[in-house]
1. Starting from residues that are closer than 18 Å to residue B:266 by Cβ and part of a loop (DSSP other than H, G, I, E, B), keep the ones in region B:220-235 and report whichever is farthest from the other protein chains (Cβ to nearest Cβ).
2. Among the residues of region B:236-260 satisfying the criterion of being within 14 Å of chain A (Cβ to nearest Cβ) and touching a residue at least 60 places away in the same chain (Cβ under 8 Å), which is surrounded by the most Cβ atoms within 10 Å (Cβ to Cβ)?
3. Residue B:170 fails exactly one of the following numbered conditions: (1) within 20 Å of residue A:87 (Cα to Cα); (2) crowded, with 23+ Cβ neighbours inside 10 Å; (3) within 14 Å of chain A (Cβ to nearest Cβ). What is the number of that condition?
4. Quick check on this structure: which one of A:64, A:68 is touching a residue at least 24 places away in the same chain (Cβ under 8 Å), away from chain B (no Cβ under 14 Å) and in a loop (DSSP other than H, G, I, E, B)?
5. Give the number of residues within region A:103-113 that are within 9 Å of another protein chain (Cβ to nearest Cβ) and surrounded by fewer than 19 Cβ atoms within 10 Å (Cβ to Cβ).
6. One residue is enough: does region A:40-47 have a residue meeting the conditions within 15 Å of the chain's Cα centre (by Cα), within 14 Å of chain B (Cβ to nearest Cβ) and surrounded by 18 or more Cβ atoms within 10 Å (Cβ to Cβ)?
7. I'd like the residue in region B:147-156 that is over 17 Å from residue B:190 (Cβ atoms) and without any contact (Cβ under 8 Å) to a residue 40 or more places away in the chain and, out of all such residues, is surrounded by the fewest Cβ atoms within 10 Å (Cβ to Cβ).
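Derivation of every value follows stated rules applied to the coordinates shown; laboratory data play no part. None of the values given here were measured: they were computed from a predicted structure. Cβ atoms come from the backbone with ideal geometry, glycine included; neighbour counts cover every protein chain shown.
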């Protein structure tokens, strides 16, 4: 999967997340913007009270974000496998493995870690 | 109709630990004259992780399975004055608690199983207290771990402690593990007191580089078994294999489709790995 294909997968986040009442409720105190990167391709995700309201693909000239989750495109590909292999089954695992990085202001990420992890996993669950 | 109680019984006792009285919760199952099997829970959790071993007749027919909550954990109290302290587990205080429980219960050369930080302390026990134990089982056990995330996130007022502890470790459960048991395992982390997981990680990250100790371990004095799940990225299979390679006679097995909490996240599958170990311990007793 290329960076562009990862971005295409992430573009489905609004449909994958906003219909899941329990997931939206879990993120109800998160409103803000974060960046997901696959190789050089940047994807900006805007959340309002747990709903993903906008997903935009870069490159960007001026775009604010609170935290970023950066990984190799091949890592996202393996992450979204129906039964991912060890080390690629979880964003924190990928960070530990050194194929993903968490950057920026990590407070909103840590305060909503389960929510953000499940949002990023939703393309796997949704196939 | 009689209530179908599980075979586990729990009691409280006060032990002096680190010079202070500590009210501990200790539970057990199996015959009083069975082979004692002392169980150590993971960081930031409690002895409920061993409930499946305690309710397994194939284990309790021969073993007296005993688990206790460390001070600050589960149903054990923190010491009086805890509200003015920052909790930190150390190699010294952890070792003292384990030996104190074994002594207070008059356990003669018990077998011991510990997971994660409980697996780590197994190496300390093997190096310095081998004659006190009949066999040692380190689950998710390695000789050291380099810090790989900032544990201050686990205890600060702008991040919910229960939520972050569970979210941080949720990926340590293998994706194949049953959802029921994954979430029961995470519930233990959600319930942990403020700063307890972080305080345990002081031992696990800062005070337990045991690479200097593994050459001291003589497995002819006390057999050592190491079991690690392939999805564990905290104590990786490579960490365990490296540790086992430095200890002649240590028996290491990498468990397929298991994570960091095999006895609680996938108890049925864990039986396949732990029963042969317990059979060997029983045969050699």
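1. Here the residue is B:235.
2. B:259
3. The single condition residue B:170 does not satisfy is (2).
4. On the way: A:68 fails: in a loop (DSSP other than H, G, I, E, B).
None of the others qualify; the one that does is A:64.
5. Taking region A:103-113 as the starting set, the residues that turn out to be within 9 Å of another protein chain (Cβ to nearest Cβ) are A:106-107, A:110-113.
Next cut, surrounded by fewer than 19 Cβ atoms within 10 Å (Cβ to Cβ) only: A:106-107.
Result for region A:103-113: 2.
6. no
7. Checking each candidate, the answer is B:150.
Residues are listed down the side, and each one gets a yes or a no for (1) on the phi > 0 side of the Ramachandran plot; (2) part of a helix (DSSP H, G or I); (3) away from every other protein chain (no Cβ under 14 Å):
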site: B:119; (1), (2), (3): no, yes, yes
site: B:123; (1), (2), (3): no, yes, yes
site: B:138; (1), (2), (3): no, no, yes
site: B:143; (1), (2), (3): no, no, yes
site: B:147; (1), (2), (3): no, no, no
site: B:165; (1), (2), (3): no, yes, no
site: B:176; (1), (2), (3): no, no, no
